[in-house]
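To start, the structure under review is shown below, and the notes come after it.
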Amino acid sequence: MSNSTIGERIDGLLRERGISGSRMSADLGMSRSFMTELRKGRAKGVSAENAARIAEYLGVSTDYLLGNTDRPEKQ
């Protein structure tokens, strides 16, 4: 799992959906600083719970978000 992959996927999905990072942070109850660090690839990691919450919010599978597959749809 590469943090840069997660960040790139989150940024791309946010752009596609017209959602700001601030809005997602507020909706998920996560700190803006953590989301910024994650999106920039500087976060040390992301918990399974937070990855699942972000993936659910963005409507993709956790595997896609983590870079384990290129298929964004949920199984």
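The values are calculated or read from the model by the stated rules, or taken from the named source; none is laboratory data. Please read these numbers as outputs of a predicted model, since none were measured by experiment. Remember, those area values only see protein heavy atoms, side chains included, never the ligands or the DNA or RNA. Shrake-Rupley method; radii C 1.70, N 1.55, O 1.52, S 1.80 Å.
By the Kirkwood approach, averaging reciprocal distances over each pair of separate Cα atoms, the chain gets a hydrodynamic radius of 12.0 Å.
The accessible surface of the chain, taken with every protein chain in place and a 1.4 Å probe, is 44 percent carbon and sulfur. The gain in end-to-end length when the SER33 to SER20 segment is fully stretched comes to 3.3 nm, 0.36 nm per residue minus the alpha carbon separation.
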